[in-house]
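Just so you know, all these numbers are worked out from the coordinates, no wet-lab data involved. Quick caveat, the model's predicted, so the values are computed rather than measured. No Cβ is skipped: glycine too gets one built from the backbone with ideal geometry, and neighbour counts run over all protein chains shown.
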């Protein structure tokens, strides 16, 4: 938690979900006092709205507003929605339309910081917008500035705010990963020449070095956030198709995972001579995160290994259980429970325990043309689910 305290400009409250995967980018919500089970039809629906457009972007929430991205016709956009009513507050155009046979539109989640937000369109258009009005502060075409190419399934990362800097990974030659001045958008440093992956960075402190880890299109890498210096590189986890999951850092260890027949690895990060050494603790094929990321609860990881929900001991890589659960999907954690959202619209609630898969409740929302790849977001006693153009808000607070 320590490394994130200074990253967000304003104090956070329990109802905030300010970026991809929450406050610490780990898929864990601090919410408590939530329903222990749901009715057969699901928890109470507070509201449903249509108008998000095409896209897989998740949500950031603060100050009674929910922010996400979508695409209508010939335009990508960032949208703000009132969490009490489900009504649109503003909508700001960003990138050009992005089309792909498995789903159109933006993929990344807006990152909130003080009075502004940062969002990446699928075509690499990066915007800084005022949260209250949606008014642009600055806009950058990352592909043009860094002479980079849009990856096959579109730019998918969620920008990382780190102090005065904004970290993004355009994948350009000599500019695979870059730091920008968050107020002006000016380039601060550039590093590496990997092609872009589909992952988002995490920041942490170790051995007196403030650093980051991310999956590029070719490797897992660690950089010094002060200057972009390469600290370590681990190629074994990379596949040739898509490296997507967000790395998980805990107490000197980093977990990384990919699908397409590759697997997962735990790396021990050791400060050494002003840099960091990454040593493989284990590598196995028992947790292959595809478009989803796992959550770490205690010493156990819970995540979808392709289509199978899997519980694995973080420190050893030993699998303790597997279950088909809600089908292939995403997982978020809160208040002792796993909130599961399958790609066909099945929503599940299960105990977060290494003792076996213990499902408590499930229901289903209608599925459209494309799969539901957006993870559940929990904030303010509500659960928010996206099915492309549709946004559902459920009341999950115990009364």
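Can you give the Kirkwood hydrodynamic radius for the range 94-148, in Å, rounded to one decimal and based on Cα pairs? Kirkwood radius, the range 94-148: 11.9 Å. Quarter the surface of the alpha carbon convex hull of the range 51-123 and you get the mean projected area, 4.5 square nanometres.
Sequence-distant contacts, meaning Cα pairs under 8 Å at least 6 residues apart, place the relative contact order of the chain at 15 percent. Applying the Kirkwood pairwise sum to the alpha-carbon positions of the range 241-302 produces a hydrodynamic radius of 12.3 angstrom. Across the range 64-164, C-alpha contacts under 8 Å between residues 6 or more apart give a mean separation that, scaled by the residue count, equals a relative contact order of 22 percent. When every Cα-Cα distance of the chain is counted in 10 angstrom steps from zero, the calculated P(r) takes the values 5, 25, 36, 26, 8, 0 percent. Seen from all directions on average, the range 266-369 presents a Cα convex hull projection of 8.0 nm². Three principal axis extents describe the C-alpha atoms of the range 91-188; from largest down they are 36, 33, 18 Å.
For the range 16-93, taking Cα atoms only, Rg and Dmax work out to 14.3, 44 Å respectively.
Just the Kirkwood number for the range 191-254, please: inverse of mean 1/r across all distinct Cα pairs, in Å, one decimal.
11.9 Å
Sorted ascending by nearby beta carbons within 10 Å, beginning with the fewest, 283, 56, 394, 370 become 283, 370, 394, 56. Beta bridges per DSSP, both residues in the range 293-340: antiparallel share near 100 percent. Using the alpha-carbon positions of the range 318-399, Rg (one decimal) and Dmax (whole number) come out as 12.8, 39 Å. Each Cα pair under 8 Å and six or more residues apart adds its separation to the average, and for the range 282-376 the resulting relative contact order is 21 percent.
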